[in-house]
Structure formats: structure tokens, C-alpha cells
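The structure follows.
No value in this document is a laboratory result; all are computed from the given coordinates. As the structure is a computational prediction, the values presented were derived from the model and not from experiment. We place every Cβ from the backbone using ideal geometry, glycine too, and count neighbours over all the protein chains shown.
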Amino acid sequence: SQQGEEDPQALSIQEGENATMNCSYKTSINNLQWYRQNSGRGLVHLILIRSNEREKHSGRLRVTLDTSKKSSSLLITASRAADTASYFCVFGGSYIPTFGRGTSLIVHP
Amino acid sequence: NAGVTQTPKFQVLKTGQSMTLQCAQDMNHEYMSWYRQDPGMGLRLIHYSVGAGITDQGEVPNGYNVSRSTTEDFPLRLLSAAPSQTSVYFCASKPGQGLAGELFFGEGSRLTVL
């Protein structure tokens with residue numbers, strides 16, 4: 001299956017700035033999820049947005065979904081050094097989820 | 001409640017050797033799955049299971065076998081390791097059988113095949 005495309009591949013910002021990462025996909029989806037992976041660790045679920053939703057918030061996270069453009073974005077507001085990690089979008093309409101290649105975010109204190 | 005536990009965390013094998021990566025979850029999840037993560041890549045699904053006695057192939061199943069005799073355990077077997085199988089392996093589970101809902105990941109098993 002085709003992996004999703006995420007951009008940018010890498011993002012470096014200062015603490016307090018906002019970070020935006022994007023995910024594009026090619027198939028129809030039921031939902032799209034975002035996960036965070038700290039270096040050398042397993043993935044941790046951040047947020048799920050269903051195909052009939054356009055925007056969702058969770059704390060400092062804001063996710064948007066545009067099914068007409070087959071794209072989603074994750075916004076992290078007021079970033080912190082602890083947000084340094086890789087972020088992956090995950091989608092799929094079956095039992096086989098497709099992972100994006102990830103965005104590596106570095107937040108400088 | 002330990003979540004998803006993977007063992008071993010690190011393993012070095014020689015080409016042709018066999019081994020089993022263990023995965024156990026204590027959340028009574030029906031769906032379990034194995035992924036491999038290679039540098040600069042997202043995770044790719046190897047095999048998955050929607051319940052005890054039921055397994056199916058994912059995106060990259062060649063060279064790997066699985067079984068699901070209990071709800072809790074989902075071991076991944078490498079019958080004859082190859083250098084191309086050097087990777088970090090993750091096990092994940094979720095309640096229910098469909099794709100909706102959060103995947104719970106183990107901490108990973110780093111495998112090197114010489």
C-alpha cells in the first residue's frame with residue numbers, strides 16, 4: 001500500500017513557537033490519527049479525527065482534515081522542548097493502517 | 001496494568017538463525033499487530049490478528065510467521081534471519097477488530113542480523 005506523505009520531513013523551531021506538520025494520503029479513509037514517537041520509544045496516540053469531522057482540538061493540539069484534498073494538518077501551539085519527537089499520521093479504511101514517513105520536530109529551549 | 005510488553009529489547013542474530021520476538025498485552029484487546037520501522041520510514045505492517053486463532057498478512061509479511069493461540073500473546077517468528085530484517089520491531093494492540101480507535105504500542109525490539 002502507498003505510504004502517506006508528510007511534510008516537512010524535519011522542522012526546527014524555538015520554544016514558544018507554533019509547529020505545523022502536514023499529511024497527505026491517496027485512499028478513502030474512515031479516520032486519521034496522529035501519533036508521537038520519542039527517540040527510541042514506541043508510538044503514543046495523540047488524536048483521532050473522523051472522516052466527517054473537519055477540525056478537532058486536544059489541549060495544545062489542533063488537527064484539521066480536508067477529505068476533498070486528502071490531507072490533514074497537525075498544529076502544536078506554544079511548543080515546548082518536551083515536544084521534540086517524530087510525529088506520524090496514520091490512516092486506513094481496513095485492517096491495514098498506513099503510516100506516513102513522519103515529521104521530525106526539534107524544539108530548541 | 002503493563003500495557004503492551006515486548007521482549008527482548010535488543011537482539012543480534014547471525015544470518016540463517018531463527019528467533020521469536022514476544023509480545024504480550026494485558027488489556028484484553030482483540031486486535032494485535034507487528035510492524036517494522038526502518039530509518040527514515042514510517043511503520044510498515046508485517047502481520048496482524050483480529051482475535052485468537054485468526055491471523056493475516058500485512059504489507060511486508062515475507063520471512064515472518066505469527067500465531068495467536070491466546071488473546072494476550074502474539075509472537076513474531078523469524079525462521080531464517082536475513083540482514084534485510086535488521087530493523088526495529090513494534091507490537092501494537094487495540095480493542096475491537098476494526099481500524100477505528102487508538103493503537104497501543106510496545107517499546108520496540110531492536111534486531112540486528114549480521
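Would you pick out the residues in region A:57-102 that are of a type in the set (S, T, N, Q), away from every other protein chain (no Cβ under 14 Å) and not in a strand (DSSP E or B)?
Answer for region A:57-102, where residues must be of a type in the set (S, T, N, Q), away from every other protein chain (no Cβ under 14 Å) and not in a strand (DSSP E or B): A:Thr67, A:Ser68, A:Thr77, A:Ser79, A:Thr84.
I'm told B:Gly58 meets every condition in (1) surrounded by 17 or more Cβ atoms within 10 Å (Cβ to Cβ); (2) more than 10 Å from chain A (Cβ to nearest Cβ) except one. Can you identify the failing condition by its number?
Going through the list (1) surrounded by 17 or more Cβ atoms within 10 Å (Cβ to Cβ); (2) more than 10 Å from chain A (Cβ to nearest Cβ), B:Gly58 breaks only (2).
Among (1) surrounded by fewer than 18 Cβ atoms within 10 Å (Cβ to Cβ); (2) aliphatic (A, V, I, L, M); (3) within 23 Å of A:Cys89 (Cβ to Cβ), there is one condition B:Leu103 misses while meeting the rest; what is its number?
Single failed check for B:Leu103: (1).
If I filter region A:90-104 for residues that are touching a Gly at 6+ places or on another chain (Cβ under 8 Å), among the basic types (Lys, Arg) and under 15 Å from B:Phe90 (Cβ atoms), do I get at least one hit?
Keep residues of region A:90-104 that are touching a Gly at 6+ places or on another chain (Cβ under 8 Å), which gives A:90-91, A:95-96, A:98-102.
Still in the running and among the basic types (Lys, Arg): A:101.
Then keep just the ones that are under 15 Å from B:Phe90 (Cβ atoms); that gives none.
For region A:90-104, residues touching a Gly at 6+ places or on another chain (Cβ under 8 Å), among the basic types (Lys, Arg) and under 15 Å from B:Phe90 (Cβ atoms): absent.
Any idea which of (1) within 11 Å of chain B (Cβ to nearest Cβ); (2) surrounded by fewer than 16 Cβ atoms within 10 Å (Cβ to Cβ) is the one A:Leu43 doesn't satisfy?
For A:Leu43, the failing item is (2).
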